[in-house]
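For reference, the structure is listed below as C-alpha cells.
The values are calculated or read from the model by the stated rules, or taken from the named source; none is laboratory data. The shown structure was predicted, so the numbers you read here are calculated from the model rather than taken from an experiment. Using ideal geometry, Cβ is built from the backbone for each residue, glycine included, and neighbour counts are taken over all protein chains shown.
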Amino acid sequence: MDFIKSVIKANQEISELLMADNPLFKKKLQKGAGGDISRVVDMEAEKIFVKHLGKFGQIISEESGIIGEGKESIIIDPIDGSENFISGLPYFGSSVARKKDGKVCDGVICNFANGDIFIKNDKGFKKANIKREDFSEITSNNYATIGIYERAYASSKLVCDVNKIGLKYRSPGALALSLAYAHNFRFVIFEGKVREYDIAAGMYMCDDMEVLLEDEVIVISNDKKLFERLTTIVRGLK
C-alpha cells in the first residue's frame, strides 16, 4: 500500500474511533513534544498513525516527538484542534506531511468533523470525503467574503489594524485545517509560535498562493492586492 492510501486508512480508523465519543478521550496527560498538554485522544490517534505510517520513515509527532527510524520524515499532528474536539466545536482533524530530502512531497489533512480530506502530491491538490474517496481538484473561491485569523484572541497589535481596514474573519482554532481550506477564503492569518507539526502539510497546500511566513506571522491570500496590504501592515509593526 502506498503512502497516501495508508494515511487515508489511518484517518478512517481515527474517524471511527472518534465517533465512539468516549469521555476518557478528554483526559489530560503530560505536555507533548509540541509544548501543549496532550490528551488521551491525541495519544490514541498517534498510535494509529504510527501503526500505519511507521514503515515509511521516521515519524515526528506533536505528541511524542521522534518515533522510529528512516530516511524520510513523516510529520504529524494527530489531532489538530484538540480543544475544539473536547469542547464540541466541529472543527478538528489531523495533519500529515512526508518529507524527502528536506522538502515536503506529500500532504494530507483531514477534517474529522465533516469528513473532508485534502491530499496534495506531485499529481495535484485534491479534496474528497473520507468515506467516499471521490477526489476532485481544488479551485479557488472567487466569491469569498471572509478570511481566517487564527489566534486573533492572542493578538495585541495586528488585529487592530486588520479591523481598521474592515476585513471580516473567523478564528476557528485549528491551523492545519485552516491552511487546507485557504483557497476557500479571502485570506488566512496566523500569529504565534510557528511549529512544523501545524504547518508542514498546510503550507505545502498553499504554495500556489501569495505567502508570507516570518517573525511568528503567517499571511496567505490569492488576492495579490490584499496580500500586499496585509504584508505592509505586518512589516509596519516591526
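Brief remarks on what is shown
- Between Asn121, Asn222, the distinction of being over 23 Å from Pro90 (Cα atoms) and either assigned by TED's automatic domain parsing to the domain that holds Ile74 or among the hydrophobic types (A, V, I, L, M, F, W, C) (or both) belongs to Asn121 only.
- Qualifying residue in region 189-207 (condition: closer than 18 Å to Asn142 by Cβ and of a type in the set (Lys, Arg)): no
- The one condition from (1) touching an Asp or Glu at 6+ places or on another chain (Cβ under 7 Å); (2) part of a loop (DSSP other than H, G, I, E, B) that Thr139 does not meet is (1).
- Filter result for Lys126 (under 25 Å from Ile67 (Cα atoms), in the same structural domain as Glu46 (by TED's automatic domain parsing) and at pLDDT 90 or above): no
- Flag if Phe135 is of a type in the set (Phe, Trp, Tyr), under 24 Å from Ser15 (Cβ atoms) and without any contact (Cβ under 8 Å) to a residue 40 or more places away in the chain: yes
- Test result for Ala200, part of a loop (DSSP other than H, G, I, E, B), in contact (Cβ under 8 Å) with a residue 24 or more places away in the chain, among the hydrophobic types (A, V, I, L, M, F, W, C) and in contact with a Lys or Arg (Cβ under 8 Å, 6 or more places away or on another chain): no
- Residues that are under 16 Å from the mean Cα position of the chain (by Cα), part of a strand (DSSP E or B) and at pLDDT 90 or above are absent from region 153-169.
- Among the residues listed as Glu69, Glu63, the single one being assigned to a loop (DSSP other than H, G, I, E, B) and more than 22 Å from Ala174 (Cα to Cα): Glu69
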